[in-house]
Amino acid sequence: MNNYEHTFVLKQDLSEKQQKNLISKYEDIVKNNMGKIMGIENWGFLNFSYPIKKNKRGFYIHFKIEGSGTAVRELENAERIDTSIIRFLTIKVKTLDLKTKYFEAKNN
């Protein structure tokens with residue numbers, strides 16, 4: 001089994017319910033193709049450095065996936081045709097870091 005980190009950016013005008021539906025849709029695609037979601041992080045609503053497809057901001061969602069290349073390929077194929085997704089990126093990693101939360105709010 002391979003390890004992947006997959007991040008996708010949703011359009012800024014989606015409701016919270018639409019976001020949750022899209023996340024569960026892509027979770028199911030991974031699971032149906034013999035992959036396993038090891039972690040999901042909602043990085044929140046972030047500004048872009050420059051407009052992308054007439055959007056200035058977007059919702060970032062990050063998946064940590066364990067599975068075969070088939071699961072990732074099917075996930076990317078579905079995202080490629082989804083008009084609610086602005087961009088996505090998948091990288092293959094040696095090990096998944098499940099402890100570090102890069103965008104978690106820090107309470108002082």
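The values are calculated or read from the model by the stated rules, or taken from the named source; none is laboratory data. All values reported here derive from a predicted model rather than from experimental measurement. Positions of Cβ are backbone-derived with ideal geometry, glycine not excepted, and every protein chain shown enters the neighbour counts.
When E66 is tested against (1) surrounded by 13 or more Cβ atoms within 10 Å (Cβ to Cβ); (2) modelled with pLDDT of 95 or more, just one condition goes unmet, and that condition is (2). Of all residue pairs spaced 6 or more apart or on separate chains, those with beta-carbon atoms under 8 Å, a first member in the stretch 5-17 that is assigned to a loop (DSSP other than H, G, I, E, B) and a second member that is surrounded by fewer than 21 Cβ atoms within 10 Å (Cβ to Cβ) are Q12/F45; Q12/N55; Q12/K56; Q12/R57; L14/L22; L14/S84. Return yes or no: is I81 at pLDDT 95 or above and more than 16 Å from M1 (Cα to Cα)? Against the criterion (at pLDDT 95 or above and more than 16 Å from M1 (Cα to Cα)), I81 qualifies. Screening the stretch 28-72 for residues that are out of contact with any helix residue (DSSP H, G or I) (no Cβ under 9 Å at 6 or more places or on another chain) and not in a strand (DSSP E or B) and picking the one that is farthest from D97 (Cα to Cα) gives K54. Only a single item in (1) over 14 Å from the mean Cα position of the chain (by Cα); (2) surrounded by 14 or more Cβ atoms within 10 Å (Cβ to Cβ) is not met by F59, and it is number (1). Within the stretch 73-92, the only residue that satisfies the criterion of being among the β-branched types (V, I, T), in a strand (DSSP E or B) and exposed (fewer than 12 other Cβ atoms within 10 Å of the Cβ) is I91.
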